[in-house]
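Notes follow the structure.
The values are calculated or read from the model by the stated rules, or taken from the named source; none is laboratory data. These numbers were taken from a predicted model, which means no experiment stands behind them. Here the Cβ positions follow ideal geometry from the backbone for every residue, glycine too, while neighbour counts run over all protein chains shown. Note: accessible area is taken over every heavy atom of the protein model, side chains too, but ligands, DNA and RNA are not part of it. Shrake-Rupley method; radii C 1.70, N 1.55, O 1.52, S 1.80 Å.
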Amino acid sequence: MIRQDAYPVDPWCVRETRLDLDLLAAAESLFALSNGHLGLRGNLDEGEPHGLPGTYLNSVHEQRRLPYAEAGYGYPESGQSVVNVPNGKLIRILVDDEPFDIRYGDLHSHTRTLDLRTGILTREAEWCAPSGAAIRLRSERLVSLTQRAIAAVRLSVEPVDRTVQVVLQSELVANEQLPPASEDPRAAADLEAPFVPEDLLRSEMAVTLVHSTKRSGLRVGSGIDHEVEGPDDLSTKVEAFPDLARITVTTELEPGESVCLTKYLAYGWSSRRTVPAVRDQVAAALTAARHHGWDALCAQQATALAEFWAGADVQVDGDEELQQAVRFALFQILQASARAERRPIAAKGLTGTGYDGHTFWDTEVFVLPMLTYTVPHAAADALRWRLDTLPMAQERAQVLGLRGAAFPWRTITGAECSAYWPAGTAAFHINSAIAMAADRQAWASGDEQFDREVAVPLLVETARLWVSLGHHDAKDGFRIDGVTGPDEYSAVADNNVYTNLTARQNLRAAVRACGHWPEQAAALNVGDDEIAAWSSAADLMTVPWDDQLGVHPQAEAFTRHAEFDFDGLGPDAYPLMLSVPYVQLYRTQVLKQADLVLAMHLCGDEFTPEQKRSNFEYYERRTVRDSSLSAATQAVLAAEVGHLDLALDYTAESALVDLRDLASNTANGLHLAAMAGTWIALVAGFGGLRDHGRSLRFAPQLPRGLTGLGFALVHQGARLQVAIADGEATYTLESGQVALTLAHHGEEFTLEPKTSASKPLPERRQLPPPEQPPGRAPTRRVGAAAPQCPVTENTAS
């Protein structure tokens, strides 16, 4: 766990005030920069020491073997893992022939600052070599949000008190030596040195390399170019080899002098284009970067971020730590998506190799709602990528003996990579997640072309899957059996409520879409009988209910399972999947993460207020939160049913999962879904946002720990601002051409462009706190202190 003093609270920055080698790998994730296409981990400029070197291109991966103890029909034959592409951010520094390495000599000062308004990572250090020569170093780094292929570094060195010789070695390194990528030696061998050199181009201070991956056959181009400022006697040397490019700058500096190196990085890749095409693409990007120059790149970055914050910022009054955390979260979601452009948004973004770089259902359920209402073009691009993978999903459905499309549980390219059926392909709810995200995006954006060309085929093919996966029983109910819901401690169950209700939404959205776009439906061979079958399945969908307990079983017969024996657990038992046999988990009432509670959030109109409260409190004392996804959902429902203090506790847990490394695995990359969940917890929890039935409804209320909350939404091209403070909520339609119809605590009202309306908040309701499993109560934000409860997790869900 990272203490608060490692990254002091600041509303617009994340600042590291001392270098702790034990936290280095986590810091590399926190200080990662990306734009959705290109990602650089926050490694030190000089390369060593490091936790995990990382430079990533979205979807550039290598294939690896998936070992099975026993073969089974339909099992994926190979997996995919993100790979470290050639590292161009490396600048080694030698001072009087001694390498600048903070493990030697004396590091007198060190700070790193990630400015969330400029997008620039700045580092300042003062170091004295073992010989006594001392230098001051300043570096700035960015990954451009406007120039998709470009990153840049500016590094300057000056002596402190005496003349020193300084050598800068700016490098581009392919097949960089890394820690083992897998505990399985077979998979590790598949991923070791994944690149084969194909071409290089050297020109003055620039070098471009072209490589291809050995198994996946992807061609990657990478290049570096430089500008140098310093004393007149500095010298430069350019070297280029198949796996290494090096530009060396040598000079002697007197006190008061400095040398400044500006380094431009460019990357591109393709599975189809030729070596000359990829090489020339990178060379052109470098030329454009030098044409713009460092100052212009910085100005463009600041402008892009100013536009983002104008439409996406969340203001939190009364909790400065939470304010910093939510802005950090928003910034990282933007970095993961801004220029992805029909590529996936992985669970870790481009910040690390966790989960092998795969994307899961949590992109659509947690990340895309935030993007739909803040950066809608990025959400649309992510869904267009899903559409691009539709043929593979259709093939997968055929392998499984189903109709329609079965999208993969985890993937990079669209092919299923999950080797574990119960918590992989059996989690068919990934398909309704994609469908619901597409339907929301089509409505919220008002983009008819997206609705017609993207949403309709996704809705149709997933609706076909549900009808073929489920069946009508003898009592004329529609059942979906043998599936796994969001909770991975309950697998291959019948009639999981979350799965069934989201499938119902999927089916009804498909009916609506085909009615609205009959020509598109006809092109997909949708007939009246098929639409009638969708409607029947939706209307007759089985939703289990336990009359005796007055709650919904998470899945059929779940509430008849034995209670889990929490009393026998030791303090280090979590996550349970690493200390308790699955035979004990699968047959008892213990939840890894919110499941039915998530259904109550996303399908809230299917439950009465009384059912929501009884369900929430029943599952609260059985949910251990061995997933970072759980806290945000529990926050939303806790706020809705009246546990406001608890909702704030869970919101903070979701927000701080990486800044405080609550799951002890931030070193592998950031938890993007938990970060997006912070936005959901604030906007849907305390803002009360719901968009069920294609309407915007709000039910704002503040917990005791907050004095105000403000956020913006983009809806059908208009920007809506919501400010909650002093006992009222003020809605302002800042832009747009048409009026919006909204609801505040059930009261509908119409807001004209450029006008505001204020509505009173109801009296704060604070119910007695419910119980959590022993040792799993979240850290309290208000009232009596409680021990910090770490998040524990092992998989993306």
For an R0 of 45 angstrom, estimate the FRET efficiency from the Cβ-Cβ distance between Thr111 and Ser758 and round to the nearest 0.05. 0.55
Run lengths n ≥ 4 of DSSP H only: what is the helix-derived mean residue ellipticity at 222 nm for the chain, with -39500 (n - 2.57) per run over all residues, to the nearest 500? -9000 deg cm²/dmol
Give me the one-decimal nm value for the distance between modelled label points at Gln611 and Asp313, 7 Å along each residue's Cα-to-Cβ direction. 4.1 nm
I want to make sure I understand the PRE zone here: with the label point 7 angstrom from the Cα of Asp473 toward its beta carbon, which residues in the range 527-544 have backbone N atoms less than 11 Å away? 542-544
More than 16 Å apart: what percent of Cα pairs in the range 197-260 qualify? 55 percent
Extension reserve of the Thr730-Val275 stretch, reckoned as 0.36 nm per residue once the Cα distance is removed: 158.1 nm
Average accessible area per residue (Å²) across the chain - probe 1.4 Å, nucleic acids and ligands excluded: 36 Å²
Take the alpha-carbon centre of the range 592-611, take the same for the range 423-446, and report the distance between them in whole Å. 17 Å
Pop a pseudo-label 7 angstrom from the Cα along the beta-carbon direction at both Tyr73 and Thr303 and give the gap in nm to one decimal. 6.0 nm
Beyond 48 Å, what percent of the Cα pairs of the chain remain? 19 percent
FRET efficiency estimate (nearest 0.05) - Cβ-Cβ, Arg765 to Arg452, R0 60 angstrom: 0.85
How long is the gain from Ala296 to Ala777 if the chain were fully straight, where each residue apart is worth 0.36 nm and the alpha carbon distance is subtracted? 168.3 nm
Amide H of Gln315 versus every other amide H placed in the peptide plane: which residues, excluding those fewer than 5 positions away on the same chain, fall under 5 Å? Gly710, Phe711
Just add up the charged neighbours of Ala652: K/R +1, D/E -1, any other residue whose Cβ is under 10 Å from the Cβ of Ala652. -1
Any of Lys237/Lys348; Lys348/Lys754; Lys89/Lys214; Lys612/Lys759 with alpha carbons more than 32 Å apart? Name them for me. Lys237/Lys348; Lys348/Lys754
Can you figure out the FRET efficiency of Gln716 with Leu578, using R₀ = 45 Å and their beta-carbon distance, to the nearest 0.05? 0.45
Would you grab the residues whose amide H sits under 5 Å from the one on Ile120? Only those 5+ places off in sequence or on another chain, please, with H modelled 1.01 Å from N. Asp115
The percentage of the accessible area of the chain (probe 1.4 Å, all protein chains present) made up of carbon and sulfur atoms, to the nearest whole number, is 48 percent
Could you work out how far the C-alpha centroid of the range 260-338 sits from that of the range 216-256, in angstrom? 23 Å
Provide the per-residue ³J(HN,Hα) series for the range 121-134, in order, calculated from phi with Karplus coefficients 6.51, -1.76, 1.60 and θ = phi - 60°, each as a whole number of Hz, with x at glycine and proline positions. 9, 10, 10, 9, 8, 10, 9, 10, 5, x, 6, x, 6, 10
Approximate spin-label separation Glu124-Leu524, in nm, with each point projected 7 Å along Cα-to-Cβ: 5.6 nm
Using the Cα centre of the chain as the reference point, and only Cβ charges (+1 on K/R, -1 on D/E), how large is the resulting charge dipole? Debye, rounded to the nearest 20. 1160 debye
Please name whichever of Leu350, Gly477, Ala663 sits farthest to the positive end of the charge dipole of the chain, dipole taken about the Cα centre and charges placed at Cβ: Lys and Arg +1, Asp and Glu -1. Gly477
Would you list Glu453, Glu653 from the most to the least accessible area, probe 1.4 Å? Glu453, Glu653
Relative contact order of the chain: what whole-number percent is it, with Cα pairs under 8 angstrom and at least 6 residues apart? 12 percent
Would you mind checking the range 95-139 for residues with the amide N under 17 Å from a putative spin-label position 7 Å along Cα→C-beta of Gln165? 95-100, 129-135
Cα axis of helix 528-539 to longest principal axis of the chain: angle in degrees, 0 to 90, nearest 10? 80 degrees
For Ala32, what residues show an amide H to amide H distance below 5 Å, using hydrogens built from the backbone and excluding near sequence neighbours? Gly42
